[in-house]
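Worksheet: the structure to be examined is printed underneath.
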Amino acid sequence: MSNANLLAQPPDYLQAYSLKCEPFANTLDGRFFYAGTALMQRLDLLIHLTQFGDSVVLVSGPDGSGKTTLLSRFVAQANKQWRLCPVNADEFEQFPRLMADTLRIDDANDELEMLNRWASETDNSQLLVILIDRAEALAEPAVDLLCKLLACPVRERLRLILFGTPAAQKALKNTLDSKNLPGSSQLLEVPRLSEEETSSYLLYRLAVAGYSGESPFTATEVRGICKAAEGRPGAINLLAHDTLVERQARKSSKRVSAATGKPKLGTAAWGPLTLVIVALATYLGWQRLQPTPDPGAPTAGPGVETQPIPLAIPEPVPEPQPQPVVSPAPPPAVASNAIAPATQPVTDTAARPEPEGVSLPLPDLVPPPVDAGQKTEVEAIEPVIARAPASPAPQATEPKAAPGTISAPKLPAKPSIKAVAVTADTPPAARSDETKPAIVEKTVPAPESGTQGPHREVWLLAQQGELYSLQLLGSRSQKSVINYVNRYQLDLSRSAYYRGNYRGGEWYVLMYGIYPDRQAALEARASLPAAIREGKPWPRDLESVHKAINDARR
């Protein structure tokens, strides 16, 4: 039976493992998306390339590697300012209608006109993202149409992402490179699951289906499934399904063998067997009723009478009389400083008492003299043998100064130290010696002047919203932005960066230059160094920058 037929039938192991649905069905279900570390890294890289990278991204992977799953997850996490146009390569003839629905333009003559009209009517921050699944099925006319869109004047607002097999993606990359298009294409491979990730993947799908407990797959089975499937989730699902089906079939066959494996006796055989059992039971009962002769007793001959041997009657044993209690002799007198071990308990740390007649010197109970100029604690001293009564500890008194001498002033209690943040804006009155902290945390403000570093949010908010600037970089790290400015020796008076939010985290964006309109920003971009132009800087109106800054401050 093929794997497809096995998955089409309801598996027998659903009831055995208390599953609500099939955990390894060959269907696309968002509930079973496994967010592995390597896969999430690819997803983040794909989103970054869409926003800031090249125009074309080729996602490659063999059948069953999870390309369609990655595409659906990308759609779920896409930026709200993107216009997504997903299309299957097998149905590419519907692409004009799908593009018109995405851009909401119905009366255009062709796709190029739709793209130009949409670009002129919308904000520059919006992107058109065309997603094509099963790219290996694209015909040559479809590839020519896509190349025509990529060569249009508003190509910077167009992104093309294709999902296909490695061989088809390599052929598409060669075709795109031969067209001498302005942008370049980027290959991105779908990662494979390791043996450890395969074990977690199987248990995760079982848990989503309602299973609780340890994994039913042994380490040997997980290793074999991962190796046979080459780390591809689709093949892992098929092998895991077959493993559970075969295991359940073996359990069912064992139950049938246990129920029908023993032969049953016929009615004709029960009669003789019952007679044999009754005869054997009668013989054993008769043997138990017979007395057992003593093997050591003499056997009497015929005609000889046996008489019983008289037994001796034991005499009564008198009960023991209670003995008078004799007091022990008093111990001999010892010296006055000797210790009687029988009357005085041992309280010292010594584990055994000293022998009789040996005198132990008592410890000196007088404490050493206390220096009046020092603070000491006098503890009660316990005797070695008998605990002495506790005496109150003497109170330390301050010595009185002799007449004619000058006593030192009493030092005040040590004040608590509070950390005070001293910044450049702190007034001089706040920096007095009375509030000088022992530990000072300095907060160095970001430079606002172009002579010390790039401008910040205050400078950007002071610019008019209808003006434009060039966005050079976006990064999670503020240090990366500063290093970028220093590496390319950008003009600090024209550079500025701000802190925004991107996918729930901090996002630092570097802007460069102030231009009256978008065309002026495009012309200024051509004068930037080649290394900076490779990063695809794009013109952006300052009104959107102001909105991003204000949103991050809320």
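Quick look at the numbers
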quantity: Relative frequency of Cα-Cα separations exceeding 13 Å in the range 59-126, percent; calculated: 71 percent
quantity: The range 168-242 - Debye-derived log10 I(q)/I(0), Cα point model, q = 0.11, 0.23, 0.28 Å⁻¹; calculated: -0.44, -0.98, -1.29
quantity: Ser527/Asn550 FRET efficiency (R0 30 Å; Cβ-Cβ; nearest 0.05); calculated: 0.45
quantity: Rounded to the nearest 20 debye, dipole of the range 457-553 from Cβ charges on Lys, Arg, Asp, Glu; calculated: 400 debye
quantity: Sorted by Cβ density within 10 Å, fewest first, the residues Lys479, Lys173; calculated: Lys479, Lys173
quantity: Area projected by the alpha carbon convex hull of the range 9-250, averaged over all directions, nm²; calculated: 14.5 nm²
quantity: Interchain or long-range residues, amide H under 5 Å from Leu188's placed H; calculated: Leu58, Val59, Ser60
quantity: Estimated distance in nm for a label pair at Ser120 and Ala249, the labels positioned 7 Å out from Cα along Cα-to-Cβ; calculated: 6.7 nm
quantity: Which of Ser55, Ser480, Ser212 has the fewest Cβ neighbours within 10 Å, and the rest in rising order; calculated: Ser212, Ser480, Ser55
quantity: Global size of the range 446-511 as Cα Rg and Dmax, reported in angstrom; calculated: 11.5, 33
quantity: Positive-end extreme of charge dipole, the range 99-194 - chosen from Leu149, Pro166, Ser194 (charges on Cβ); calculated: Ser194
quantity: Where N is the number of residues in the range 457-553, Cα Rg divided by 2.2 N^0.38 Å; calculated: 1.01
quantity: Length-normalised contact order for the range 9-250 - Cα pairs under 8 Å, 6+ apart - percent; calculated: 33 percent
quantity: Amide hydrogen neighbours beyond the local backbone of His455, cut-off 5 Å, H modeled; calculated: Ser495, Ala496, Tyr497
quantity: For the range 57-66, 3J(HN,Hα) per residue [Karplus equation, 6.51 cos²θ - 1.76 cosθ + 1.60, θ = phi - 60°, Hz, x = Gly/Pro]; calculated: 10, 10, 9, 10, x, x, 4, x, 7, x
quantity: Size-normalised alpha-carbon gyration radius of the range 142-192, reference 2.2 N^0.38 Å; calculated: 1.18
quantity: Pairs beyond 25 Å (Cα-Cα), from Lys148/Lys547; Lys80/Lys547; Lys80/Lys173; calculated: Lys148/Lys547; Lys80/Lys173
quantity: The range 76-211 - Kirkwood radius from inverse mean 1/r over Cα pairs (Å); calculated: 17.0 Å
quantity: Around Asp54: net Lys/Arg minus Asp/Glu count, Cβ-Cβ under 9 Å; calculated: +2
quantity: Student exercise, the range 9-250 dipole from Lys, Arg, Asp, Glu Cβ charges, in Debye to nearest 20; calculated: 480 debye
quantity: For Tyr211, Tyr497, order by how many other beta-carbon atoms lie within 10 Å, fewest first; calculated: Tyr211, Tyr497
quantity: Label-point gap, in nm, between Thr282 and Ala520 - each point 7 angstrom along Cα→Cβ; calculated: 12.8 nm
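All of the numbers you see were taken from the coordinates with simple rules; none came from a lab. Treat the numbers as computed from the prediction; the structure is a model and nothing was measured. Heads up, the Cβs are rebuilt from the backbone with ideal geometry, glycines too, and the neighbour counts pull from every protein chain shown.
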